[in-house]
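Q: Here it is, the structure, as structure tokens.
Please treat every number below as a calculation from the coordinates, not as lab data. Fair warning: this is a prediction, and the values are worked out from it, not measured in the lab. Note that we place each Cβ from the backbone using ideal geometry, even for glycine, and neighbour counts take in every protein chain shown.
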Amino acid sequence: MLYFCVCSNPQYMEKRIFTLAVIVALIIPCSNHILAEKQDNSYRNEVYDNDTCKQIDSYLHQLEKEKNFSGGLLILKDGEKIFCKGYGWADKENKIPFTSGTLASMGSITKAFTAAAVMKLCEKNKILVTDAIRKFFPAIPGDKASITIHQLLTHSAGFHEFLDQDGGDFEKINTEEFLKRAFSEPLAFKPGEKAIYTNVGMSILGIIIEQVSGMDYEAYLKKYLFEPAGINHIGYHYPPNGRDTIAVGYKNGKRWGTLPQHFEEAGGGPYWNLKANGGLEISLNEMFLWASAINNHSVLNESSVRKMFTPHMVEEGYNGRSSFGYGCNISQSRRNTTMIDNGGSNGIYYARLIRLPEEGLVFYMVTNESSINTNMVLPNVTQLYFQGEIVQDAISSEQEFDNELSGKIYDLLEQPGVKNLQSEIDKANLNIDDDMVLLEAGQRLINENKLDKALLLYTYYTKTFPEIVVAWNDLGDIYQAQNKKEEAIHCYRQALKLRPGNPRALKNLEKLEPGKP
């Protein structure tokens, strides 16, 4: 059995990240006869008429029927679209199907578009990747003045993954406030010393794109990247235009809504905790156009694409198996072929874009139901494509943790009779100095509906790291699910105390205390 391993860190709902192992073996050739399910030209489902593609289609239909799979799959072979089809519901309450024209959040795959926009500015001789960011921010503190564009693109600038006391994707934070907080916080490491995934650094690149171009980030992408490729609908879609079908997100079957709806509730957006690092909406059809434009060098020249897809910095924590290109991860398959990978999630929508250039393949999958998501389904799809069967079912297999320590915390709580996490941590002699360790384990427990164990974890979490807004919000959600109204109110009020105006806390307090200021 042969595998290739995906090692990027997609953005997680308030917040965390997953590592996805996609399993592959021997390529099964595809014939060149296509079956099309015609609705209209925008929503055309296409599946090649061969055993491999029909087997994948049958499998996804089975998941749609038995497990409420909802989303879409795109496969390109040698530049040709051989699979492009949606399944399930874009909006199940209103019976709107998920089609190849449905828009859905790609999460942190947005970073690839930010990197492409930077390379376009380089092609236009507006900036150099060697430029230090003091060129754009003259008042920047000395410890950050020498950071380069290259280091921002490769996650090696030293910025943390999120701002301290990050208020979530929908926090109303303007450019000035975002830069003030980002530049005032200490770096996690010396610039260029190593490479650790960061959303903050990518958002700073988005601000540089706006400053240099004199245009809004999204407007720049549309004019110089999307329109030349014939792409008309990629964007944040706020305010919504009413013409596009945007997939509603569902968390374990419960309606979460869309990103534009959450922007509306937050009073606008996107703001810089999300902008340029995540959240762009795209359809299967338009991902095909984008992948083709990159392959054909119609929006960026060959030199720019080559720089984007070059492994520049080894990613910390993966034993040399994964490197950062510009806005992407690069690793080797067990067949010793290059894999260029982007993944993204907010815990509701899950997306993955995988390029295997030496094999002429591109896979893209997006889902809008958290309980049966891309991280579970795409590994099985790739097994069907390469091996003709599912040898190791990723849906039933236990998912690995991105951080090994998170797995240890999770295992401690899975032991029978645990009443106090602090005492278990002390007995295991574990040192918890990073709150993200707890967040990853905690959100896994919440997603698995293990609320009693999640309560133990978040009680410890909020005591050990009392200034983390998302921990208080998560704890409030747990209490709500357990019908402990007063405890939930206390948690949301604590989140608001730490971050006044936090939309998640405000929304829940309005529900629990209607009419109360």
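Q: Over the alpha carbons of the stretch 111-229, what is the largest minus smallest coordinate on each principal axis, giving the biggest first in Å?
A: Result for the stretch 111-229: principal-axis Cα extents of 40, 32, 25 Å.
Q: List the aspartates and glutamates whose Cα lies under 18 Å from the Cα of Lys92, skipping any in the same chain that are fewer than 8 positions away.
A: Glu64, Glu66, Asp244, Glu369
Q: A further question follows. Order these by the 10 Å Cβ neighbour count, fewest first: Phe159, Phe189, Phe113.
A: Phe189, Phe113, Phe159
Q: May I pose another question? Can you grab the distance from the C-alpha centre of the stretch 190-236 to the C-alpha centre of the stretch 418-497, Å, no decimals?
A: 34 Å
Q: Still on this structure, please answer the following. Nearest 5 is fine: what % of DSSP beta bridges in the chain come out antiparallel, could you say? Kindly include the intermediate steps, with their values, before the conclusion.
A: On the way: 54 of 57 bridges.
So the antiparallel bridges amount to about 95 percent of the total.
Q: Just report the Cα centroid separation between the stretch 137-165 and the stretch 325-362, whole Å.
A: 25 Å
Q: What nm value, rounded to one decimal, do you get for the distance between Lys194 and Thr337 when each label is placed 7 Å out toward the C-beta?
A: Distance between the two pseudo-spin positions: 3.3 nm.
Q: Pick the calculated percent of Cα pairs over 43 Å apart for this structure from (1) 20; (2) 36; (3) 13?
A: (3)
Q: Count charges around Asn342 for me, please; just the other residues with Cβ under 12 Å from its Cβ, Lys/Arg as +1, Asp/Glu as -1.
A: Residues close to Asn342 contribute a combined charge of +2.
Q: Shifting gears a bit: How much FRET efficiency would the formula 1/(1 + (r/R0)^6) give for Glu185 and Glu389, where r is the Cβ-Cβ distance and R0 is 45 Å, rounded to 0.05?
A: Details: r = 49 Å, r/R0 = 1.10.
After rounding, the FRET efficiency stands at 0.35.
Q: Distance check, please: which entries in Lys222/Lys275; Lys172/Lys511; Lys95/Lys251; Lys67/Lys507 exceed 24 angstrom between their Cα atoms?
A: Values: Lys222/Lys275 15 Å; Lys172/Lys511 21 Å; Lys95/Lys251 18 Å; Lys67/Lys507 30 Å.
Going by Cα-Cα distance, Lys67/Lys507 fall outside the 24 Å limit.
Q: In Å, what is the Rg of the alpha-carbon atoms in the stretch 247-315, and how long is Dmax?
A: 16.9, 46
Q: Please list, or write none, the aspartates and glutamates whose alpha carbon is within less than 13 Å of the alpha carbon of Lys81, excluding same-chain residues fewer than 8 places away.
A: Lys81 reaches Glu46, Asp49, Glu286.
Q: For every other residue with a beta carbon closer than 14 angstrom to the beta carbon of Asn252, add +1 if it is Lys or Arg and -1 if Asp or Glu, then tell me the sum.
A: Combined, the nearby Lys, Arg, Asp and Glu give +4.
Q: Identify the trypsin sites (Lys or Arg not before Pro) of the stretch 75-174 meeting these criteria: DSSP loop state and at most 11 other C-beta atoms within 10 Å of the C-beta. Mind dumping the intermediate values first?
A: Numbers: sites: Lys77, Lys81, Lys85, Lys92, Lys95, Lys111, Lys120, Lys124, Lys126, Arg134, Lys135, Lys144, Lys172; in loops: Lys92, Lys95, Lys124, Lys126, Lys144, Lys172.
Those that pass, being in a loop and sparsely packed, are Lys95, Lys124.
Q: What 222 nm value per residue comes from the helices of the chain, counting each DSSP H run with n ≥ 4 as -39,500 (n - 2.57) and dividing by all residues, nearest 500 deg cm²/dmol?
A: Numbers: 17 runs with 191 residues, N = 517.
After summing the helix terms and dividing by the residues of the chain, the value is -11500 deg cm²/dmol.
Q: Let me ask something else. How high is the FRET efficiency from Lys126 to Asn94, r the C-beta distance, R0 41 Å, rounded to 0.05?
A: 0.40
Q: Oh, and also: Report the FRET efficiency, 1/(1 + (r/R0)^6), for Lys497 and Asp143, where r is their Cβ-Cβ distance and R0 is 30 Å, rounded to 0.05.
A: Computed FRET efficiency for Lys497 and Asp143 comes out at 0.50.
Q: When the chain is fully extended, how far beyond the present Cα-Cα distance does Lys427 get from Glu316, taking 0.36 nm per residue of separation?
A: That pair, Lys427 and Glu316, stretches by 37.1 nm at full extension.
Q: While we're looking at this one, here's another question. Sum up the charges of everything whose Cβ sits under 15 Å from the Cβ of Leu512, counting Lys and Arg as +1 and Asp and Glu as -1, but leave Leu512 out.
A: Values: positive: Lys484, Lys485, Arg493, Arg504, Lys507, Lys511, Lys516; negative: Asp477, Glu486, Glu487, Glu510, Glu513.
Neighbourhood net charge equals +2.
Q: Next question, about the same structure. Regarding the stretch 404-512, what whole-number volume in Å³ per residue does the convex hull of its Cα atoms give?
A: 95 Å³
Q: Next question. Which value in nm describes the separation of the simple spin-label points at Asn296 and Asn483, placed 7 Å from the Cα toward the beta carbon?
A: 6.0 nm
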